[in-house]
Every structure is written in C-alpha cells, then in structure tokens.
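Worksheet for the structure shown next.
The values are calculated or read from the model by the stated rules, or taken from the named source; none is laboratory data. Values in this document were obtained by computation on a predicted structure and should not be read as measured data. Don't worry about glycine lacking a Cβ; one is built from the backbone with ideal geometry, like all the others, and counts go over all protein chains shown. To get the accessible areas, we keep the full protein, side chains included, count just its heavy atoms, and leave off ligands, DNA and RNA. Shrake-Rupley method; radii C 1.70, N 1.55, O 1.52, S 1.80 Å.
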Amino acid sequence: MNTNNIIKHICSRLNESKLESEPWPHKFIEDIFPEDFYKKIIQKLPSNNFYKSRISLDKNAQVTNYSPERHVFQMNIENLNSLDENDKSFWYNFFKDLCSEEIQNSVLSIFKNTLDNRMKNLTELEKSKIGTKNYKIVKRGEIVKDFKKYHLGAHTDTYNKLITFLFYLPVDNSLEKLGTSIFKSKNDIKDSDLLVHQSKEETEKNFIKIKTCKFIPNSLLIFPRTNSSFHGVDEVNENSSERDLFLFNYYIYGDK
C-alpha cells in the first residue's frame, strides 16, 4: 500500500476518534491501520529469537521493578540489518511512516491543551530531567512480545516521555481482556516515585482501575505522559499466550 495512503488513514483515525478526558486524556482507536496493511504487519512480525529481554537492555528497567517477561525488538540499524531484505524494508518503512510530520502534527494538535499545561507547570524534578528550553522531539519504536506471567503495575512512564502509542497486534479477539488498564491514584504520589512500577498488591491497594482498553486487533491506545497518567497491565497468563504490540514513543529533550 502507498505510504501516503497509510499516513493519511492513520491521521484520519487519530482526528476522528473521541478524546477521553477521564481520568486523564487519552484515545483508544480501532482500525488504526488499513485492513490489508494490518494483515501485512502480522505476517511480518519477527520470530521469537529476534527479541531481547527489556531488563537485559535497560539497567533502569531493573531499578523500576520492570517485568522480565517483556521482550523487545528495537528499531535500530543493527536489529533491522539482522532481518532478511524484505522484512528489513517493511519495518524500516513502517517506522519511517510513524515518524512522519503529518502524524506528529495531528498528535500534537489533539493533545495540545494537555501538553501546554504540562510544559508550563513542570516540577523541578522534571526540569532537571528534560531541560527548560530549546526542546526537541525524538521518536523511538520497538516491536514488543509479552510472555506469560508478564505484569506491569501502575506507573506514569519516564519524565522524558511526551507521547505514548501502544499499537495492539493480536490476530483475533481471544486476548481482549489483556489490554492496558488505566488507573487513578487514591493518594498523592511523590515525584520521585512516579516512575516506579508498582507491584500487583500496591496497584490494587493504592489505585482505582478506571477501565481496561481491550486488546483487540488493529487498535491503538495513545496518550500524553503526565504526572497522573497511571497505567499498567494485568498478568498475561491466558493459556500461556503471548501479547504482541508495537510500542512507539515521542521523547522530549531540552537544554538546562
């Protein structure tokens, strides 16, 4: 399918879908890709041996209580070069399309109020992490495979995160209850604790689950990172199933 048509389709779905405000701004969007293109994505998912454990790649993941059951294929030259030429070309162009200026403009417009409010009211800790001027956006993506017993307690994401895209990639609706859950904190959380992935017990004790976005084919959960954007994943242990998705993020960096 033509790249321009794919980008146009994504932008249309982003702009047409409803913006939810509770407990924090987000959109859950079905049919985010053209149907034929989605089938191609499923066909092109790498085999398990191409993935690496998140905690083996990121020391900070160990510190923040990240699950060892998440494995990723990061979008970088080294990993892309490990694929055959057809698959390499597909994933390179897929990532390039997601990085398009058209999609960025749509997303920044949709969440403008939330983003403006955050950047005008950065905490001192946030300022120390992301800077205070001359901001630039950096985009990163990875194909994700969550194995059985994967669990991710309530958390808000790293301070440098600006926008999170969670593209769900199941083949059917059989795992729909394994989507990302959205939480509201019962109490104020210290800035220094926002990045920690709460345990299952802590999540149940300190947070109210507002809803779980269904893990259904060709769907997207997208939201801006704030100090209240708590989300997580209940344990994946559905008949030893695996959870496939594409994680795409906008990060923000500036001068201090």
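Remarks
Table: residues versus (1) open to solvent by less than 90 Å² (accessible area, probe 1.4 Å); (2) outside any loop (DSSP other than H, G, I, E, B); (3) in contact (Cβ under 8 Å) with a residue 24 or more places away in the chain; (4) among the basic types (K, R).
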| site | (1), (2), (3), (4) |
| --- | --- |
| L80 | yes, yes, no, no |
| L83 | yes, no, yes, no |
| D87 | yes, yes, yes, no |
| Y92 | no, yes, no, no |
| Q104 | yes, yes, yes, no |
| R118 | yes, yes, yes, yes |
| L122 | yes, no, no, no |
| E126 | yes, yes, yes, no |
| N134 | no, yes, yes, no |
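- Positions within segment 9-46 being basic (K, R), open to solvent by 90 Å² or more (accessible area, probe 1.4 Å) and touching a residue at least 40 places away in the same chain (Cβ under 8 Å), in sequence order: none
- Taking segment 152-193 as the range and being of a type in the set (A, V, I, L, M, F, W, C) and part of a loop (DSSP other than H, G, I, E, B) as the test, the residues that pass are L169, V171, L175, I189.
- Residue list for segment 217-236, restricted to those being surrounded by fewer than 18 Cβ atoms within 10 Å (Cβ to Cβ) and assigned to a loop (DSSP other than H, G, I, E, B): S228
- Selection of segment 154-175 for residues being over 24 Å from F73 (Cβ atoms) and under 17 Å from the mean Cα position of the chain (by Cα) yields A154, T156, Y159.
- Residues satisfying the criterion are present in segment 97-108 (criterion: at pLDDT 95 or above, within 21 Å of S229 (Cα to Cα) and among the polar types (S, T, N, Q)).
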